[in-house]
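Data first, discussion second: the structure below is written as C-alpha coordinates.
The values are calculated or read from the model by the stated rules, or taken from the named source; none is laboratory data. All values derive from a computational prediction rather than experimental measurement. Reconstructed Cβ throughout: ideal geometry from the backbone, glycine too, with neighbour counts over all protein chains shown.
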Amino acid sequence: MISLIVAVASNGAIGKQQDLLCHLPNDLKRFKAITLGHTIVMGRRTFESLPKGALPGRTNVVVTRNADASWDNTVVVNSIEEVLADSAEKELFVIGGGMLYKQTIDRADRLYITHIHHEFADADTFFPEVNYNEWIEIEREEHQADERHPYDYSFVTYQRK
Ligand SMILES: NC(=O)c1ccc[n+]([C@@H]2O[C@H](COP(=O)([O-])OP(=O)(O)OC[C@H]3O[C@@H](n4cnc5c(N)ncnc54)[C@H](OP(=O)(O)O)[C@@H]3O)[C@@H](O)[C@H]2O)c1
(Lines give C-alpha, C1' and ligand atoms only; values in the text may rest on other atoms or scores of the structure.)
Protein backbone atom coordinates (compact mmCIF):
# COMPACT_ATOMS: atom_id res chain seq x y z
CA MET A 1 0.00 0.00 0.00
CA ILE A 2 1.27 3.46 -0.93
CA SER A 3 0.01 6.51 0.93
CA LEU A 4 0.86 10.14 0.30
CA ILE A 5 0.72 12.51 3.25
CA VAL A 6 0.83 16.25 2.61
CA ALA A 7 -0.33 19.71 3.71
CA VAL A 8 -1.66 21.58 0.67
CA ALA A 9 -2.81 25.19 0.37
CA SER A 10 -5.94 26.19 -1.57
CA ASN A 11 -3.75 27.07 -4.57
CA GLY A 12 -1.99 23.68 -4.55
CA ALA A 13 1.14 25.07 -2.91
CA ILE A 14 3.19 22.89 -0.54
CA GLY A 15 6.49 24.72 -0.04
CA LYS A 16 8.68 27.75 -0.53
CA GLN A 17 12.45 28.15 -0.44
CA GLN A 18 12.96 24.57 0.72
CA ASP A 19 10.63 25.03 3.68
CA LEU A 20 7.00 24.44 4.61
CA LEU A 21 4.47 27.23 4.00
CA CYS A 22 3.46 27.74 7.62
CA HIS A 23 3.66 26.15 11.03
CA LEU A 24 0.56 24.14 12.04
CA PRO A 25 1.35 22.26 15.28
CA ASN A 26 -1.77 20.08 15.02
CA ASP A 27 -0.72 19.00 11.54
CA LEU A 28 2.71 17.95 12.80
CA LYS A 29 1.01 16.02 15.60
CA ARG A 30 -1.26 14.23 13.13
CA PHE A 31 1.68 13.52 10.81
CA LYS A 32 3.54 11.89 13.67
CA ALA A 33 0.54 9.82 14.82
CA ILE A 34 -0.08 8.50 11.30
CA THR A 35 3.53 7.74 10.31
CA LEU A 36 5.06 6.51 13.59
CA GLY A 37 6.35 2.95 13.29
CA HIS A 38 6.09 2.99 9.48
CA THR A 39 8.37 3.58 6.52
CA ILE A 40 8.50 7.16 5.26
CA VAL A 41 9.84 7.95 1.79
CA MET A 42 11.12 11.39 0.83
CA GLY A 43 13.10 13.22 -1.81
CA ARG A 44 16.60 14.38 -0.97
CA ARG A 45 15.52 18.03 -0.76
CA THR A 46 12.79 17.29 1.76
CA PHE A 47 15.23 15.24 3.82
CA GLU A 48 17.71 18.12 3.83
CA SER A 49 14.95 20.48 5.02
CA LEU A 50 14.36 18.45 8.21
CA PRO A 51 15.85 20.45 11.09
CA LYS A 52 17.19 17.42 13.00
CA GLY A 53 17.73 14.90 10.21
CA ALA A 54 15.94 11.54 10.15
CA LEU A 55 12.57 11.46 11.93
CA PRO A 56 12.70 9.14 14.96
CA GLY A 57 10.59 6.01 15.29
CA ARG A 58 10.26 5.53 11.54
CA THR A 59 12.32 3.94 8.76
CA ASN A 60 13.50 6.99 6.77
CA VAL A 61 14.04 6.28 3.07
CA VAL A 62 15.70 9.07 1.07
CA VAL A 63 15.55 9.08 -2.74
CA THR A 64 18.49 10.65 -4.58
CA ARG A 65 20.31 10.11 -7.87
CA ASN A 66 23.62 10.50 -6.04
CA ALA A 67 25.00 6.96 -5.78
CA ASP A 68 27.50 8.02 -3.06
CA ALA A 69 25.04 9.72 -0.74
CA SER A 70 24.60 8.53 2.84
CA TRP A 71 23.05 10.12 5.92
CA ASP A 72 22.69 8.95 9.52
CA ASN A 73 19.67 6.76 10.30
CA THR A 74 18.45 6.62 6.70
CA VAL A 75 18.10 4.09 3.92
CA VAL A 76 19.26 5.72 0.67
CA VAL A 77 17.82 4.56 -2.66
CA ASN A 78 18.61 5.75 -6.17
CA SER A 79 15.23 5.17 -7.80
CA ILE A 80 11.57 5.37 -6.91
CA GLU A 81 10.96 1.88 -8.31
CA GLU A 82 13.44 0.48 -5.81
CA VAL A 83 11.46 1.82 -2.88
CA LEU A 84 7.97 1.16 -4.22
CA ALA A 85 8.89 -2.49 -4.73
CA ASP A 86 8.38 -2.89 -0.96
CA SER A 87 4.81 -1.61 -1.04
CA ALA A 88 3.29 -5.07 -1.54
CA GLU A 89 4.26 -6.05 2.01
CA LYS A 90 3.80 -2.81 3.95
CA GLU A 91 2.24 0.64 3.95
CA LEU A 92 4.75 3.17 2.65
CA PHE A 93 4.19 6.86 3.35
CA VAL A 94 5.50 9.25 0.73
CA ILE A 95 6.08 12.46 2.70
CA GLY A 96 7.27 14.77 -0.10
CA GLY A 97 8.28 16.87 -1.67
CA GLY A 98 6.80 18.02 -4.96
CA MET A 99 8.96 15.81 -7.18
CA LEU A 100 8.23 12.69 -5.15
CA TYR A 101 4.48 13.33 -4.99
CA LYS A 102 4.35 13.90 -8.74
CA GLN A 103 6.04 10.58 -9.47
CA THR A 104 4.01 8.51 -7.00
CA ILE A 105 0.45 9.88 -6.97
CA ASP A 106 -0.68 7.63 -9.84
CA ARG A 107 0.43 4.59 -7.84
CA ALA A 108 -1.03 5.76 -4.52
CA ASP A 109 -3.86 3.94 -2.73
CA ARG A 110 -4.51 6.60 -0.11
CA LEU A 111 -4.01 10.36 0.37
CA TYR A 112 -3.81 11.98 3.80
CA ILE A 113 -4.31 15.64 2.94
CA THR A 114 -4.30 18.60 5.28
CA HIS A 115 -6.12 21.28 3.27
CA ILE A 116 -4.89 24.69 4.42
CA HIS A 117 -7.62 27.21 3.59
CA HIS A 118 -5.31 29.95 2.38
CA GLU A 119 -3.49 30.83 -0.85
CA PHE A 120 0.25 31.33 -0.63
CA ALA A 121 1.30 33.60 -3.49
CA ASP A 122 5.04 33.24 -2.85
CA ALA A 123 5.18 29.40 -3.00
CA ASP A 124 7.57 27.62 -5.37
CA THR A 125 6.58 23.95 -4.89
CA PHE A 126 3.16 22.45 -5.66
CA PHE A 127 1.20 19.23 -5.17
CA PRO A 128 0.16 17.55 -8.44
CA GLU A 129 -3.42 18.11 -9.64
CA VAL A 130 -5.74 15.63 -7.90
CA ASN A 131 -8.62 14.18 -9.91
CA TYR A 132 -11.12 13.85 -7.06
CA ASN A 133 -13.37 11.62 -9.21
CA GLU A 134 -10.80 8.88 -8.61
CA TRP A 135 -10.98 9.17 -4.82
CA ILE A 136 -13.52 8.59 -2.05
CA GLU A 137 -13.33 10.70 1.06
CA ILE A 138 -13.23 8.31 4.04
CA GLU A 139 -12.50 10.73 6.88
CA ARG A 140 -12.77 14.51 7.44
CA GLU A 141 -12.07 16.77 10.39
CA GLU A 142 -12.55 20.56 10.17
CA HIS A 143 -10.51 23.00 12.26
CA GLN A 144 -10.76 26.75 12.74
CA ALA A 145 -7.77 29.06 12.95
CA ASP A 146 -6.69 29.83 16.49
CA GLU A 147 -3.77 31.50 18.26
CA ARG A 148 -1.38 28.69 17.22
CA HIS A 149 -2.85 28.03 13.74
CA PRO A 150 -3.00 31.08 11.46
CA TYR A 151 -5.51 29.56 8.96
CA ASP A 152 -8.54 27.25 8.94
CA TYR A 153 -7.58 23.71 7.91
CA SER A 154 -9.19 20.31 7.27
CA PHE A 155 -7.74 16.84 7.75
CA VAL A 156 -9.10 14.63 4.97
CA THR A 157 -8.29 11.02 4.09
CA TYR A 158 -9.03 9.80 0.55
CA GLN A 159 -9.07 6.18 -0.62
CA ARG A 160 -8.68 5.31 -4.30
CA LYS A 161 -12.01 4.08 -5.77
N1 LIG B 1 3.50 20.65 2.54
C2 LIG B 1 4.00 19.44 2.71
O3 LIG B 1 3.31 18.55 3.22
C4 LIG B 1 5.41 19.16 2.29
C5 LIG B 1 5.95 17.88 2.49
C6 LIG B 1 7.27 17.66 2.09
C7 LIG B 1 8.00 18.66 1.51
N8 LIG B 1 7.44 19.88 1.33
C9 LIG B 1 8.20 20.97 0.68
O10 LIG B 1 8.54 20.57 -0.65
C11 LIG B 1 9.75 21.23 -1.03
C12 LIG B 1 10.75 20.20 -1.54
O13 LIG B 1 10.20 19.54 -2.67
P14 LIG B 1 11.01 19.40 -4.05
O15 LIG B 1 10.03 19.00 -5.11
O16 LIG B 1 11.82 20.62 -4.25
O17 LIG B 1 12.06 18.23 -3.74
P18 LIG B 1 11.90 16.70 -3.20
O19 LIG B 1 10.84 15.99 -3.95
O20 LIG B 1 11.85 16.71 -1.72
O21 LIG B 1 13.35 16.12 -3.57
C22 LIG B 1 13.78 16.15 -4.90
C23 LIG B 1 15.05 15.31 -5.01
O24 LIG B 1 14.71 13.93 -4.88
C25 LIG B 1 15.54 13.15 -5.73
N26 LIG B 1 14.70 12.48 -6.74
C27 LIG B 1 13.49 12.88 -7.23
N28 LIG B 1 13.02 11.98 -8.13
C29 LIG B 1 13.94 11.00 -8.21
C30 LIG B 1 14.04 9.79 -8.95
N31 LIG B 1 13.07 9.41 -9.81
N32 LIG B 1 15.14 9.02 -8.80
C33 LIG B 1 16.12 9.38 -7.92
N34 LIG B 1 16.10 10.52 -7.19
C35 LIG B 1 15.02 11.31 -7.33
C36 LIG B 1 16.52 14.12 -6.38
O37 LIG B 1 17.62 14.21 -5.47
P38 LIG B 1 19.14 14.52 -5.98
O39 LIG B 1 19.09 15.93 -6.49
O40 LIG B 1 19.95 14.34 -4.73
O41 LIG B 1 19.43 13.50 -7.03
C42 LIG B 1 15.73 15.42 -6.37
O43 LIG B 1 16.52 16.58 -6.46
C44 LIG B 1 10.24 21.97 0.22
O45 LIG B 1 9.80 23.32 0.17
C46 LIG B 1 9.54 21.24 1.34
O47 LIG B 1 9.38 22.05 2.51
C48 LIG B 1 6.16 20.15 1.69
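Within the set of pairs 6+ apart or on separate chains, which have a first residue in segment 113-136 that is within 11 Å of residue 15 (Cα to Cα), a second that is modelled with pLDDT of 95 or more and of a type in the set (Val, Ile, Thr), and C-beta atoms under 8 Å apart?
Listed pairs, sorted by first residue: 123/14; 125/14; 126/14; 127/6; 127/8; 127/14.
Scan segment 55-96 residue by residue and report those that are within 15 Å of the ligand (Cβ to nearest atom), charged (D, E, K, R) and either at pLDDT below 95 or buried (at least 19 other Cβ atoms within 10 Å of the Cβ) (or both).
81, 82
Mind checking which residues of segment 110-146 are surrounded by 14 or more Cβ atoms within 10 Å (Cβ to Cβ), within 13 Å of residue 159 (Cβ to Cβ) and not β-branched (Val, Ile, Thr)?
Selection gives 110, 111, 112, 135.
From the list 25, 56, which one is over 26 Å from residue 119 (Cβ atoms) and not acidic (Asp, Glu)?
Testing whether each residue is over 26 Å from residue 119 (Cβ atoms) and not acidic (Asp, Glu) leaves just 56.
Which of (1) among the basic types (Lys, Arg); (2) away from the ligand (no atom under 13 Å from the Cβ); (3) within 19 Å of residue 6 (Cα to Cα) is the odd one out, the single condition residue 52 does not satisfy?
(3)
Specify the residue that is farthest from the ligand (Cβ to nearest atom); the eligible residues are those in segment 109-137 that are over 11 Å from the mean Cα position of the chain (by Cα) and closer than 20 Å to residue 36 by Cβ.
109
Go over the candidates 108, 85 one by one and state the one that is hydrophobic (A, V, I, L, M, F, W, C) and free of Cβ contacts under 8 Å to residues at least 24 places away in the same chain. Break it down stepwise before answering.
Values: 108 fails: free of Cβ contacts under 8 Å to residues at least 24 places away in the same chain.
Among 108, 85, only 85 is hydrophobic (A, V, I, L, M, F, W, C) and free of Cβ contacts under 8 Å to residues at least 24 places away in the same chain.
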